[in-house]
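Structure, as structure tokens:
The values are calculated or read from the model by the stated rules, or taken from the named source; none is laboratory data. For clarity, every value in this text was computed on a predicted model and none was experimentally measured. As a convention, Cβ positions derive from the backbone with ideal geometry for all residues, glycine included, and neighbour counts pool all protein chains shown. Protein only, heavy atoms only, side chains kept; ligands, DNA and RNA dropped before computing areas. Shrake-Rupley method; radii C 1.70, N 1.55, O 1.52, S 1.80 Å.
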Amino acid sequence: QVQLVESGGALVQIGDSLRLSCAASGLIFSKQTMGWFRQAPGKEREFVAAITSRPFYADSVKGRFTISRDNAKKTVLLQMNSLKPEDSALYYCAARPDYYNNDYYTPSEYNHWGQGTQVSVAS
């Protein structure tokens with residue numbers, strides 16, 4: 001049974017940093033593309049970052065967020081710096097096999113999801 005468990009969400013101030021973590025089990029982690037998505041109230045789930053052997057970022061977070069993975073520990077991290085109020089959302093970890101297409105940006109391309117961790121940036 002595949003499990004993705006996110007942690008690290010919190011209430012922070014503008015400009016603060018936060019690191020999210022996702023622990024995976026029940027899958028061959030090294031053969032997965034791992035992604036982070038977020039969803040704010042009343043909005044669609046949107047791509048934040050993904051990592052295969054290299055990272056991919058949404059334009060809105062490029063230069064502020066860094067995604068990384070540790071295949072031995074089966075974890076993926078999202079380091080978030082210079083946080084803004086518009087970064088407030090429920091952040092989800094997701095997984096999909098590497099052999100899928102190169103669409104890392106669409107939520108429906110991922111077949112495993114965590115429950116999410118809340119990030120709130122106070123203005």
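From the set of residues in the stretch 69-101 that are among the polar types (S, T, N, Q) and in contact with a Ser or Thr (Cβ under 9 Å, 6 or more places away or on another chain), which is nearest to Val2 (Cα to Cα)? Here the answer is Thr75.
In the stretch 21-35, the condition of being free of Cβ contacts under 8 Å to residues at least 12 places away in the same chain and hydroxyl-bearing (Ser, Thr, Tyr) is met by no residue.
Selection over the stretch 16-58 of residues that are open to solvent by less than 50 Å² (accessible area, probe 1.4 Å) and either of a type outside the set (Ser, Thr, Tyr) or in contact with a His (Cβ under 9 Å, 6 or more places away or on another chain) (or both) gives a count of 21.
Residues in the stretch 96-105 that are part of a loop (DSSP other than H, G, I, E, B) and either charged (D, E, K, R) or under 14 Å from the mean Cα position of the chain (by Cα) (or both): Asp98, Asp103, Tyr104, Tyr105.
Screening the stretch 106-123 for residues that are closer than 13 Å to Glu6 by Cα and in a strand (DSSP E or B) and picking the one that is least open to solvent (accessible area, probe 1.4 Å) gives Val119. One residue stands out in the stretch 59-95 among those that are in contact with a helix residue (DSSP H, G or I) (Cβ under 8 Å, 6 or more places away or on another chain) and outside any strand (DSSP E or B): the one that is least open to solvent (accessible area, probe 1.4 Å), namely Val61. Among the residues of the stretch 11-44, just one is under 11 Å from Leu90 (Cα atoms), in contact with a strand residue (DSSP E or B) (Cβ under 6 Å, 6 or more places away or on another chain) and in a loop (DSSP other than H, G, I, E, B), namely Ala40.
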